1. When ranked by the protection proxy of mean other Cβ atoms within 10 Å per residue, highest first, what sequence do the peptides 3-9, 65-71 form?
2. Once phi is turned into ³J(HN,Hα) by the Karplus curve 6.51 cos²θ - 1.76 cosθ + 1.60 with θ = phi - 60°, what whole-Hz value does each residue of the stretch 38-44 show in order, with x for glycine and proline?
3. Name the residues whose placed amide hydrogens come within less than 5 Å of the amide hydrogen of residue 123, ignoring near sequence neighbours (fewer than 5 apart) on the same chain.
Amino acid sequence: MTKPRLVIVLSAGAVLAVAAAVIVGVSLYSRSEAARESLVVRYFRALSSGDEALVKDLVAPEFSSDLGLGNLVRGSYELFDFGEREPGTLRFLIIVQGEAGGSGAERRAMLCELRYRRYGLTNRIGSIRLVESGVGLKE
């Protein structure tokens, strides 16, 4: 009678240990630099593909943005990472096709700051702020 109980207790302990390891692993990953960079990439990928459900999952309830990108199409923009200037703030550069119908004739570069916060085990975007904007120079 004690052996089945021992097996049940050991199985339950193993399940709890695996669950704790998964929670710790996800928590450590969400604090990593790769997770923060991935947040920028996933946001613009979801925005350009029109996946409103994923965009909603990535942003905080109080999300705000002053970029005014209009219709962003996948492949019509480039992202560059400038790192985390202060905790919770990522700086990045996005280069998008100009207003001329995405013909490639004019490109616009925008230096932005993305502020994020932890919500449970994940990071969510609180705001994206335009720092500076510029247009390409003709040679």
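Values quoted throughout were computed directly from the atomic coordinates according to the rules given, and no laboratory measurement underlies them. Everything quoted here is computed from the prediction, not taken from an experiment. Neighbour counts run over all protein chains shown; Cβ positions are idealised from the backbone, glycine included.
1. Values: 3-9: 9.1, 65-71: 11.7.
The peptides rank, most packed first, as 65-71, 3-9.
2. With the stated coefficients, the stretch 38-44 comes to 4, 4, 5, 4, 5, 5, 6 Hz.
3. none
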